[in-house]
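Colleague: I have a structure here, written as structure tokens, and I will follow up with some questions on it.
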Amino acid sequence: MTFYIGNAGIDVDNKKCPHYKKCGGCQIHNLTYDKQLEFKMKKVVKLMGKFRRVNDIIGMDNPYHYRNKVQAAFGRDKQNRIISGVYQSSTHKIVPVDNCLIEDEKADEIIVTIRKLLKSFKLKPFDDVKMTGFLRHVLIKRGFLSGEIMVVLVTGEEQFKSKRSFINAILSRHPEITTIVQNINNKRTSLVLGEKSIVLYGDGVIKEQLCGYTFTISPKAFYQINPIQTEVLYNKAMEFADIQKDDIVIDSYCGTGTIGIIASKYAKRVIGVELNKDAVKDARKNAKLNNIENIDFVCADAGQYMVNIANEGLKADVVIMDPPRAGSDVKFLKSVIRLNPRKVVYISCNPETCARDILFLSKNKYKVRKIQPVDMFPHTEHVETVVLMSKANT
């Protein structure tokens with residue numbers, strides 16, 4: 001269950017994090033959880049309250065250990081001891097972390113195990129100044145409902161001495177792991193993952209359930225990191241969209257197809273549009289996995305695609321847009337207006353750019369009908385928002 005700010009009886013213990021001041025990842029952890037929700041609510045109201053009354057923010061019953069994706073950097077401290085943890089905010093300095101209040105606890109346990117095994121196997125952490133050493137990062141993805149766990153060992157070189165023994169040592173301590181992948185990243189870059197991956201154990205992917213559907217998650221695939229609140233967010237988007245059985249829906253910025261697949265059970269047809277070809281491949285696999293036949297995925301610029309179908313005289317009844325933090329651009333927003341859908345559902349991870357974009361749409365035939373903030377990332381300053389817009393003369 002979730003709770004709404006303003007309701008009586010909200011009482012979440014505020015656990016103290018020993019890494020708070022050094023890490024910088026949880027910017028508002030110093031506030032109690034109800035104060036965090038107030039802070040986020042005020043932020044959304046300030047930016048979007050001029051369009052419509054903002055619904056009370058939806059928070060979490062237990063705002064801890066919600067991250068199903070955990071990554072740790074590896075290096076050495078001043079005493080030359082192997083450490084693992086997170087980069088201090090705006091730096092490349094590793095803050096040693098064995099357990100984090102927002103990360104999955106099992107993932108943290110596995111990372112500590114791997115760090116302890118390095119010394120006994122004489123495997124060195126990577127030095128990204130000298131560009132020498134072996135282990136750069138460990139990335140773990142866990143399906144909270146499926147229970148499946150993926151471990152990705154990001155290495156600075158492909159050669160992996162005592163590989164089989166090392167993998168067996170990890171599995172003997174954590175038999176719940178379902179797949180292990182080696183990813184090679186030998187470039188001087190801030191990106192965690194490199195281009196090449198080698199499956200060392202299992203099939204290289206995990207599966208997870210969301211809103212009654214099953215999704216395949218690969219090392220590089222984007223998947224929301226808070227599964228509990230993702231269901232809240234997507235269900236709210238479906239409620240706002242109120243898709244009818246004869247509707248044609250466009251899921252723009254569709255990624256691996258999650259939202260479009262959820263929308264497919266309500267619509268006549270769904271078209272997912274995404275520029276990333278790898279994401280489109282994953283989306284098609286996810287549709288096939290769920291036996292969905294009324295959805296198509298197109299690898300294209302979403303804005304240009306909508307202009308093209310408008311030029312062909314085709315229509316869409318509902319456009320769902322879930323852009324990155326930078327928001328959308330004027331070209332895309334103009335394509336929405338040109339396509340002339342009955343409704344636009346905007347899922348935003350950045351209220352600043354969302355406010356900018358809905359202002360543009362509100363000056364061009366659309367009116368904001370509902371605004372719903374959702375706390376996807378407790379203890380951080382980030383807030384997600386779902387906005388419903390429909391034609392102003394409706």
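Colleague: Going by average Cβ neighbours within 10 Å, how do the peptides 215-222, 42-49 rank, with the highest at the top? Numbers along the way, then the final one.
Modeller: Working: 215-222: 19.8, 42-49: 17.2.
Most protected by this proxy first, the peptides run 215-222, 42-49.
Colleague: Quick check: the distance between the Cα centres of the range 318-390 and the range 131-189, to the nearest angstrom?
Modeller: Using only Cα atoms to place each centre, the spacing works out to 38 Å.
Colleague: R0 = 25 Å: FRET efficiency of N340 with F222, Cβ-based, nearest 0.05?
Modeller: Details: r = 30 Å, r/R0 = 1.18.
For N340 and F222, the calculated efficiency is 0.25.
Colleague: On C-alpha positions alone, give me the angle between the axis of helix 277-289 and the longest principal axis of the chain, in degrees, nearest 10.
Modeller: Approximately 80 degrees, to the nearest 10.
Colleague: Further question on the same structure: Using a Förster radius of 35 Å, what is the FRET efficiency between E239 and V199 based on their Cβ-Cβ separation? Nearest 0.05, please.
Modeller: 0.35
Colleague: Next up: First measure r as the distance between the Cβ atoms of N294 and K363, then evaluate 1/(1 + (r/R0)^6) with R0 = 41 Å and state the FRET efficiency to the nearest 0.05.
Modeller: That gives a FRET efficiency of 0.75.
Colleague: Then there's this: If you take the C-alpha gyration tensor of the range 36-94, multiply each eigenvalue by 5 and take the square root, what semi-axes do you get, largest first, in whole Å?
Modeller: Sorted largest first and rounded, they come to 39, 15, 8 Å.
Colleague: Using a ≥ b ≥ c from the Cα gyration tensor of the chain (square roots of the eigenvalues), is it rounded, prolate or oblate, where a/c under 1.5 gives rounded and otherwise the larger of a/b and b/c decides, a/b for prolate? Each step should come with its number before you reach the end.
Modeller: Details: a/c = 2.09, a/b = 1.52, b/c = 1.37.
It is prolate, given that a/c is not under 1.5 and a/b is the larger ratio.
Colleague: Give a residue-ordered list of calculated ³J(HN,Hα) values for the range 69-76 (Karplus: 6.51 cos²θ - 1.76 cosθ + 1.60, θ = phi - 60°; whole Hz; x for Gly, Pro).
Modeller: Values per residue, Gly and Pro as x: 10, 10, 10, 10, 8, 10, x, 10 Hz.
Colleague: Pick out, in residue order, every one of the GluC sites (Glu not before Pro) in the range 194-237 that is DSSP loop and has at most 14 other C-beta atoms within 10 Å; say none if there are none.
Modeller: On the way: sites: E195, E208, E231; in loops: E195.
The qualifying sites are E195.
Colleague: Working out 0.36 nm times the residue gap between T380 and F121, then minus their Cα-Cα distance, what length gain in nm do you get to one decimal?
Modeller: Between T380 and F121, full extension yields 89.5 nm more.
Colleague: Right, here's the next one. Counting pairs of alpha carbon atoms under 8 Å apart in space and at least six apart in sequence, what relative contact order in percent does the range 216-325 give?
Modeller: 29
Colleague: Further question: Out of residues 5 or more away from I102 or on other chains, whose amide H comes under 5 Å of its own, with H placed 1.01 Å from N in the peptide plane?
Modeller: H65
Colleague: Once a ≥ b ≥ c are taken as the square roots of the eigenvalues of the Cα gyration tensor of the range 57-190, is the result rounded (a/c under 1.5), prolate (a/b larger than b/c) or oblate (a/b not larger than b/c)? Write out the running numbers ahead of the final one.
Modeller: Numbers: a/c = 1.89, a/b = 1.28, b/c = 1.48.
In terms of gyration-tensor shape, oblate.
Colleague: Convex hull over the Cα atoms of the range 1-131, averaged projected area in nm²?
Modeller: Seen from a random direction, the Cα hull of the range 1-131 projects 10.8 nm² on average.
Colleague: Got a sec to turn the phi values of the range 345-350 into Karplus ³J(HN,Hα) couplings, 6.51 cos²θ - 1.76 cosθ + 1.60 with θ = phi - 60°, whole Hz, x for Gly and Pro?
Modeller: With coefficients 6.51, -1.76 and 1.60, one gets 10, 9, 9, 10, 9, 8 Hz.
Colleague: Then there's this: Are there trypsin sites (Lys or Arg not before Pro) in the range 321-383 that DSSP puts in a loop and that have at most 12 other Cβ atoms within 10 Å, and which ones? Working shown, then result.
Modeller: Details: sites: R325, K331, K334, R338, R342, K343, R356, K363, K365, K367, R369, K370; in loops: R325, R342, K363, K365.
When the trypsin sites (Lys or Arg not before Pro) of the range 321-383 are filtered for loop state and at most 12 Cβ neighbours within 10 Å, R325, K363 remain.
Colleague: Now a separate question. Of E352, E384, E312, how do they rank once you tally other Cβ atoms within 10 Å and put the fewest first?
Modeller: E312, E352, E384
Colleague: Helix-only mean residue ellipticity at 222 nm, the chain, DSSP H runs n ≥ 4 weighted -39,500 (n - 2.57), per residue, nearest 500. What is it? Don't jump to the answer; show the numbers that get you there.
Modeller: Numbers: 10 runs with 113 residues, N = 394.
So the helix-based figure for the chain works out to -9000 deg cm²/dmol.
Colleague: Taking the Cα-to-Cβ direction at N311 and at R325 and moving 7 Å from each Cα, how far apart do the two end points lie in nm?
Modeller: 3.5
Colleague: I need the trypsin sites (Lys or Arg not before Pro) found in the range 118-171, filtered to DSSP loop residues with at most 14 other beta carbons within 10 Å of theirs.
Modeller: K122, K130, K161
Colleague: Considering only C-alpha atoms, what is the centroid distance from the range 218-237 to the range 30-60, in Å?
Modeller: Between the Cα centres of the range 218-237 and the range 30-60 lies a distance of 20 Å.
Colleague: Grab the other residues whose beta carbon is less than 12 angstrom from that of Q88, score K and R as +1, D and E as -1, and report the net.
Modeller: Numbers: positive: K21, K22, K93; negative: none.
Summing Lys/Arg as +1 and Asp/Glu as -1 gives +3.
Colleague: For the pairs K78/K187; K141/K161; K315/K367; K46/K367, note any where the Cα-Cα span goes beyond 28 Å.
Modeller: Check vs 28 Å cut-off fails for no pair.
Colleague: Name the shape class, rounded, prolate or oblate, that the alpha-carbon gyration tensor gives for the range 130-263, where a ≥ b ≥ c are the square roots of its eigenvalues, rounded holds for a/c under 1.5, and otherwise prolate holds if a/b is larger than b/c and oblate otherwise.
Modeller: Prolate is the answer for the range 130-263, as a/c is 1.5 or above and a/b outweighs b/c.
Colleague: Go through the range 355-366 residue by residue and turn each phi into a ³J(HN,Hα) via Karplus (6.51, -1.76, 1.60, θ = phi - 60°); whole Hz please, and just put x for glycine and proline.
Modeller: 4, 4, 6, 6, 5, 4, 5, 5, 8, 9, 6, 10
Colleague: At a threshold of 8 angstrom on Cα-Cα distance, excluding pairs fewer than six apart, so keeping six or more, what relative contact order does the range 120-176 reach in percent?
Modeller: On the way: 60 pairs, mean separation 15.5, N = 57.
So the answer I get is 27 percent.
Colleague: To continue, here is another question. Any idea what angle helix 227-241 forms with the longest principal axis of the chain, computed on alpha-carbon atoms, 0 to 90 degrees, nearest 10?
Modeller: 10
Colleague: Now a separate question. Given an 8 Å cut-off on Cα distances and at least 6 residues of separation, report the relative contact order of the chain as a percent.
Modeller: Computed value for the chain: 14 percent relative contact order.
We did not get these values from a lab; they are worked out from the coordinates using the rules stated. A quick note: this is a predicted structure, and the numbers were derived from the prediction, not measured. Glycine gets a Cβ as well: all are built from the backbone with ideal geometry, and neighbour counts include every protein chain shown.
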